[in-house]
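What follows is a short report on a single structure.
The values are calculated or read from the model by the stated rules, or taken from the named source; none is laboratory data. If you're wondering where the values come from, they're calculated on a predicted model, not measured in any experiment. Cβ atoms come from the backbone with ideal geometry, glycine included; neighbour counts cover every protein chain shown.
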Amino acid sequence: MSKPTVGIFGLTGCAGDQLVILNCEDRLLDLVSLIDVRDFLMASSENDAACALDVAIVEGAVLSNRDVERLREIRKRAKTLVALGTCAVWGGVAAMDRGADRRELVREVYGETGLAYDSLPARALHEIVKVDLNLTGCPIEKDHFLAAIANLLNGNAPVYPEYPVCTECRMFENNCLLIERGEVCCGPVTAAGCKARCPELRVACVGCRGPAGDANPSSWLAALAEKGIDRHAIAARLRTFAPEGVVQ
Amino acid sequence: MRTVVVEHLARVEGHGGITVELEGDTVANVRFGVFEGARLLEPLVRGKRYDEVAPVVSRICSICSAAHSLTSLKATEKALEVQVSRQTELLRELLYLGESIESHALHLFLLAVPDYLNYPSAIALAADKPDAVLLGLRLKQLGNSIQETIGGRAIHPVNVVPGGFGRVPAADRLIELHGGLLQGIQDSDAVIDLMASLPEADFCHGDTVYAALVSPNPDSYYAGDEVAVVSNGDRSIVPAAAYKSLTNEASVPHSHAKHSSFRQKPFMVGSLARLTVNPQRLTGRLAVARERLKLELPSGNPMDNNKAQAVELIGDLDRALAIIEQLLRDGIEDERPAAVHPHAGTGTAITEAPRGLLIHSYSYDADGRIASADVITPTALNAASMELHFRRAVEQSAQREEAAISKRLEMIARAYDPCISCSVHLVRRR
C-alpha cells in the first residue's frame, strides 16, 4: 500500500503546533517513514504545492484574505482536514477582541500605513471550511498528535477526552486552587488531555485548550460567585483562548 | 527592470518573502515582506492583570516562548518592584538556556545546514547523513527536556509566574537534567566538526553594525540592563529605559514588521552580535570552537551567525551544567513566589532571546492592570539589516542566474534565524 500523502500548513499564529511536530525528536524519523510529507514549508524548501493530499494538517487562525484563500485551496486538495491547535479549532488569542473595531486597532499599532494591510478579524478554520478532526491545545500535546496520525493510518477516528481538566487534576489529588485559594481556575470547564499541567504546578488553569464538551459551567460559576469573583472577569479570562466558548 | 523574488520563505518560522528589483546590474529596490497576519495582540494585553500578561504574550512566538514569558515577567516585576530570589534567577536562566539550546539546534541542523549541503530539508538530509540530523535532534531534545522540567512545558511555559515559580523543580529532576547535559556536552565536538566541514558562505560582505546586551557576568547573557551598539570600532551604550533611541521604529507599507535603525544605520542582533559585544566570553572550549570555525570578530559576513550559534550552543551546555551544579550544591528550596503588591508603575526589560534582543516595556495602573505595553522582537529589529544584506548579496552576485541569487537570499534570511510571527508588531503606538 502506498503511504498516505500529508501536508502540514500554518496560517496566522505562533507556529507552536508545527513545532510540537518537530519536537517529536525521537519519533520524527519513524514518523516520516510512515507518511509521505509532500508540503511542509516550515521544514522543507522543496514542496509540491498543488498535489492531492490524504491528510492536510492546518495550524493557526484565519486573519487575512490571504489566509482565507490558502485555507480554501488546502481544503480542495485534502480528503481529511485536521485543525491543529487552539487557534485553528477556536480562534485562539487573536480572536479575543472580535467585537472591537479592527481599523481602529490597526491604526493604533501601525499608524496610517497599516490601513492598507490585508487584515481581518480572527476566525477558526471551521468558520471558513469543513473540518474533519479537531486537535486542540495551545500548543497541542505531542501524544495526541502521534495518536491522531496512528489512528488515521489505520482508518480510525481518534477519540479525545470530553471531560474537563478538573477531572484529571482530581485524579492527581491536588489541592483545589479554586476552593482553597479562591483563584479563577478554568480547569472545571476546559478540555482535558494536558494531564492538568498547570494546577499540577500550583498554577491556575488559563483555559488554553478551549471548552470541555462534558462540563458543568453553572456549578463552576456558582463556586466562583461564592468566592466573590466578578462574572466579567471570568468571561474575559475564558475569552482569552476560545471566544466562542463563552456564554455571556 | 529585472525582479528576483523569493515568494514564500521556507524553513523559517512564519510567513515572509523577498523581492529585489534590478535595473541592469544595479539594485533599485529590496523588500523583505512579512505577510504573517497581524494579530494585534495589544488590545488583549491592555487591561490584563499582572499575572495574566505573560501567558498571552508568550503566544507571540512558540520558538521564543520562554524568552517572551521571562522578559514579560521581568518588565512586570520591575514595574511592580518585585524582588525575586537568587534561586529564581538561576532557574530562569536555566530555562532560558534550555530554550537557546533547543532553538539553536533546531535552526542549525534542521533549517540552516541542509542549504550548505544542497538538501531541501533535514528529512532529505537524514536519508544520506543520518548522524548529522540525529545529532541535532538529540541536542534539541535536551533543550526541550530542560524547558519541560523548569517551565512545565516545552512551548509556552506554564510554571513561570510573577515573583518566581508555581512549583520549584525537585532535586531529582535536576539530577536527571545533569546526566542529560553531560551526554550533550560529549556531542560538542561533533557539532563543531560538522559546522567546520561546511563550505564557506560569503556573498554579502560589508560593514555591519551589531547590537547586544552587555553581560555583567561573562558566563551569562541572561542578565544585563544596557545594550551596546558596535559599529566600525565605535561602541555606544544605550540603557534599557532609553530603548526607543535604539530602535527608532517606523511602519513600512510592504511589511507587518516595523523597521529599526540606530543613528540611521540598520543593525544586526543575535548570536553573532552577542559574541561581538561580549568577546570576553570566548575562553576555554568556546575559544577553541571559534578558532576551529575560523570565526573572525567583528565579522562583515552575517552568514557567520550560524558559526556563532554553534559556539554559543557549546557555551549554553556548559553554563546550564554549571547552574544545575550550583543549585544542587546550595540545596533546592521549595519556595513560593515572592508576593506582588499591585500599584501604578512602569518597567522595561531587555533580554537576549535565542535570535537577539527582546524588549518588553509595560505601564501598570493602580490596580496592577496593563495601561500600555510595547514589545519589540529580534526579527523586527533585524528586518532593516536583512534588507541591507539582501541588497549586498544581489550587488555581489548580479551576474549570476536568478535561481542562484534567490538561493543566496534564502540562505541569508535563514542565517538571521528569523521568527516571523514574532516580528509582527502587537503593541500600541504612542
**Report entry** Residue match in region B:25-40 (condition: under 19 Å from A:VAL93 (Cα atoms), basic (Lys, Arg) and touching a Cys at 6+ places or on another chain (Cβ under 8 Å))
**Finding:** no
Report summary line: Residue pairs qualifying under the 6 Å Cβ cut-off, at least six apart or on distinct chains, with the first in region B:1-14 being more than 7 Å from chain A (Cβ to nearest Cβ) and the second being modelled with pLDDT of 85 or more and surrounded by 21 or more Cβ atoms within 10 Å (Cβ to Cβ), are B:VAL4/B:VAL20; B:VAL4/B:ILE405; B:VAL6/B:ILE18; B:VAL6/B:LEU409; B:LEU9/B:ALA413; B:VAL12/B:PRO418
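Yes or no, residue by residue, for (1) modelled with pLDDT under 95; (2) more than 24 Å from B:GLU52 (Cβ to Cβ):
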position	(1), (2)
A:LEU146	no, yes
A:ASN154	yes, yes
A:VAL184	yes, no
A:GLU200	no, no
Query raised in the report: Condition test on A:GLY193, is it assigned to a loop (DSSP other than H, G, I, E, B), without any contact (Cβ under 8 Å) to a residue 60 or more places away in the chain and surrounded by fewer than 17 Cβ atoms within 10 Å (Cβ to Cβ)?
Result: no
Query raised in the report: With B:GLU77, B:GLU81 as the choices, which residue is part of a loop (DSSP other than H, G, I, E, B) and more than 27 Å from A:GLU141 (Cα to Cα)?
Result: B:GLU81
Report task. Go through the residues of region A:69-80 one by one and say whether even a single one is facing chain B (nearest Cβ under 10 Å) and either at pLDDT 95 or above or more than 16 Å from A:ILE149 (Cα to Cα) (or both). Result -> yes
Query raised in the report: Does A:GLU104 meet the test of being surrounded by fewer than 17 Cβ atoms within 10 Å (Cβ to Cβ) and farther than 18 Å from B:VAL45 by Cα?
Result: no
Report summary line: A:VAL93 fails exactly one of (1) crowded, with 24+ Cβ neighbours inside 10 Å; (2) facing chain B (nearest Cβ under 10 Å); (3) in contact with a strand residue (DSSP E or B) (Cβ under 8 Å, 6 or more places away or on another chain); (4) at negative phi, namely (3)
Report task. With the condition kept exactly as written, say whether any residue in region B:51-60 is over 18 Å from B:GLY166 (Cβ atoms) and among the basic types (Lys, Arg). Result -> yes
Query raised in the report: Would region B:16-39 turn up any residue that is over 24 Å from A:ILE21 (Cβ atoms), facing chain A (nearest Cβ under 8 Å) and not in a helix (DSSP H, G or I)?
Result: yes
**Report entry** Qualifying helices (runs of 4 or more DSSP H) (wholly inside region A:96-189; at least 1 residues being in contact (Cβ under 8 Å) with a residue 24 or more places away in the chain and away from every other protein chain (no Cβ under 13 Å))
**Finding:** A:142-153, A:165-171, A:177-181
Query - Test: B:ALA67 is crowded, with 24+ Cβ neighbours inside 10 Å, farther than 21 Å from B:GLN141 by Cα and touching a Leu at 6+ places or on another chain (Cβ under 6 Å) - result: no
Report task. Considering every residue within region A:42-62, establish whether at least one is under 25 Å from B:GLU7 (Cα atoms) and of a type in the set (Ser, Thr, Tyr). Result -> yes
Requested in this report: Return the residue satisfying two criteria in turn: it lies in region A:1-21 and is out of contact with any strand residue (DSSP E or B) (no Cβ under 7 Å at 6 or more places or on another chain) and at pLDDT 95 or above, and of such residues it is farthest from the other protein chains (Cβ to nearest Cβ).
Outcome: A:VAL20
Query raised in the report: Of the residues B:SER85, B:SER100, B:SER72, which is crowded, with 24+ Cβ neighbours inside 10 Å and touching a strand residue (DSSP E or B) at 6+ places or on another chain (Cβ under 8 Å)?
Result: B:SER72
Report summary line: Among strands (runs of 3 or more DSSP E) entirely inside region B:315-387, those with 1 or more residues being modelled with pLDDT of 95 or more, over 14 Å from the mean Cα position of the chain (by Cα) and of a type in the set (S, T, N, Q) are B:345-353, B:356-364
Requested in this report: Take region B:7-29 and flag every residue that is closer than 30 Å to B:LEU110 by Cβ, surrounded by fewer than 22 Cβ atoms within 10 Å (Cβ to Cβ) and of a type in the set (Val, Ile, Thr).
Outcome: B:THR19
Report task. Assess whether B:PRO199 counts as being more than 20 Å from B:ARG355 (Cβ to Cβ) and within 20 Å of the chain's Cα centre (by Cα). Result -> no
Report task. For region A:49-57, indicate whether the set of residues that are more than 8 Å from chain B (Cβ to nearest Cβ) and either closer than 19 Å to B:ILE60 by Cβ or of a type in the set (Ser, Thr, Tyr) (or both) is non-empty. Result -> no
Requested in this report: Can you confirm whether region B:47-56 contains a residue that is buried (at least 21 other Cβ atoms within 10 Å of the Cβ), at pLDDT below 90 and not in a helix (DSSP H, G or I)?
Outcome: no
Report task. Looking only at region A:222-233, count how many residues are under 23 Å from B:LEU44 (Cβ atoms) and modelled with pLDDT of 90 or more. Result -> 2
**Report entry** Where a residue in region B:44-68 is within 9 Å of another protein chain (Cβ to nearest Cβ) and closer than 18 Å to B:ARG153 by Cβ and its partner, wherever it lies, is assigned to a helix (DSSP H, G or I) and among the basic types (Lys, Arg), with Cβ under 8 Å and at least six apart
**Finding:** B:GLU52/A:ARG237; B:SER65/B:ARG59
